[in-house]
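K.L.:
Structure in structure tokens, see below.
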Amino acid sequence: MKTEVSSPVGWGLPHQKSPGGASPTLPLPTSHSRYAYFPGCSAESTAQDMHQSTLAVAQSLGMQLVEPKGWTCCGATAGHQTDRLLAVALPAATLVKVQDLGLDLVVNCAACYNRMKVANHEIAGNRQVRAQVAEAIGRDYDGSVKVRHLLEVLLDGVGTETIQKALRRSLAGLKVASYYGCLLVRPREVTGFDDPENPSSLDRLVAAMGGTPLEWPHKVECGGGGGLSMSRTDVVVNLTDTIVGMAKLAGADCIAVSCPMCQINLDMRQLDIARSKGNRYDLPVLYITQLLGLCLGVPAQKLGLNKLMISPARVVQAVVAA
């Protein structure tokens, strides 16, 4: 659980108005902007900031997110490490509820997204697995619900042109190291919306906000999330030291992520890195939805910025001054 720190004065952004003094007109929800939304278990604990900023961004862009009633844990990461059937049945129990809604499913947590996509892949491609899952959850499911990561929806659903029209602020050239981690774009045959070795979705969104996406070699390096975070913190410290150190060497002003475990490791472990190795990076690690929210004019307190371990004050001030 991340420790909350107080917000420095000036983090909040004032309500923005369009030229002429009128409040900006946001797109109204349509059938194409209404999605089922899976928040995941960490939404009310270690990833409240991701959840809050996701809802704030969706509201600002006219997206309607519908939480499936009675959704359950997707099994990341403990479920799929212990039993293959459990790993598929847990996501399927929620996917059938989404199927009843007749909507595409949007997920922001990379681990939850991965488990949902894997479940669909396993069920749709294996009759025996499908039958076993049906017995486990008490209902047949064919793996047909379209599961989309929020990045995919923002880029291909909402579109960068619409996003840019809604922006009230800019990243003003801030150098951003986009970190994708292991689960967002892998395996390619399951996720399929970005290149697994040289992904660009986060970078495209950063560029749309007026930031400078950096080319750096560690964007998909493992940070030790999941199994190692609690059991081998020494390994995680070494891995995150390499990743954050490379981002700093590349000239990053901040790191952008879309995965709670990645965010926790790269943010919180900087304190352990400083204690054990003497490397003090002080490099803010923000969810891409927090950066987008700032540029959309969402007040900082609605984006969970006070929950970050490494202060994002420099980033916020740069956006405010833009």
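K.L.:
Could you check which residue among P68, P196, P217 shows the biggest mean-square fluctuation in a GNM of the chain with a 10 Å Cα cutoff?
P.N.:
P217
K.L.:
Hey, fewest Cβ within 10 Å first, where do H51, H121 land in order?
P.N.:
Ranked by crowding around the Cβ, least crowded first: H121, H51.
K.L.:
If I compute Rg and Dmax of the Cα atoms in Å from the structure I just sent, which labelled value in (1) 20.2, 57; (2) 19.4, 63; (3) 20.5, 62 lines up?
P.N.:
Here Rg and Dmax of the Cα atoms in Å agrees with entry (2).
K.L.:
Continuing with the same structure: How much mean residue ellipticity at 222 nm does the chain get from its helices, if each DSSP H run of length 4 or more adds -39500 (n - 2.57) and you divide by all residues, to the nearest 500 deg cm²/dmol?
P.N.:
Here the helix-only value at 222 nm equals -13000 deg cm²/dmol.
K.L.:
For L85, project a label point 7 Å along Cα to C-beta. Then give me every residue of segment 116-131 with its amide nitrogen under 13 Å of that point.
P.N.:
128-131
K.L.:
Grab the beta carbon distance between V235 and D282, set R0 = 22 Å, and tell me the FRET efficiency rounded to 0.05.
P.N.:
Once rounded, the FRET efficiency stands at 0.45.
K.L.:
Would you be so kind as to identify all helices of the chain, as entire DSSP H runs, whose Cα atoms reach 20 Å or more along the helix's own axis and whose mean Kyte-Doolittle hydropathy is at least 0.0?
P.N.:
Qualifying helices: 84-101, 233-249.
K.L.:
Is there a quick way to get the dipole size of segment 166-321? I mean about its Cα centre, with the Cβ of Lys and Arg at +1 and of Asp and Glu at -1; what is the value in debye to the nearest 20?
P.N.:
My answer is approximately 500 debye.
K.L.:
Turning to a different aspect of this structure: Test of understanding: ordering S33, S45, S53 by Cβ neighbours within 10 Å, fewest first, what list do you get?
P.N.:
Ascending Cβ contact count within 10 Å gives the list S45, S33, S53.
K.L.:
When Lys and Arg each count +1 and Asp and Glu each count -1, what net charge do the other residues less than 15 Å away from P213, Cβ to Cβ, add up to?
P.N.:
-2
K.L.:
Another one. Taking a ≥ b ≥ c as the square roots of the Cα gyration tensor eigenvalues, with a/c under 1.5 meaning rounded and otherwise prolate when a/b beats b/c, else oblate, which class fits segment 150-263?
P.N.:
Taking the square roots of the gyration eigenvalues as a ≥ b ≥ c, segment 150-263 is oblate.
K.L.:
Another question about this same structure. Within segment 132-217, which GluC sites (Glu not before Pro) sit in a loop by DSSP and count at most 16 neighbouring Cβ atoms inside 10 Å?
P.N.:
E189, E197, E215
Here, each number is a calculation from the coordinates, and none is a lab measurement. Keep in mind that this is a model prediction, so the values were computed, not measured. With ideal geometry, Cβ positions are generated from the backbone for all residues, glycine too; neighbour counts draw on all protein chains shown.
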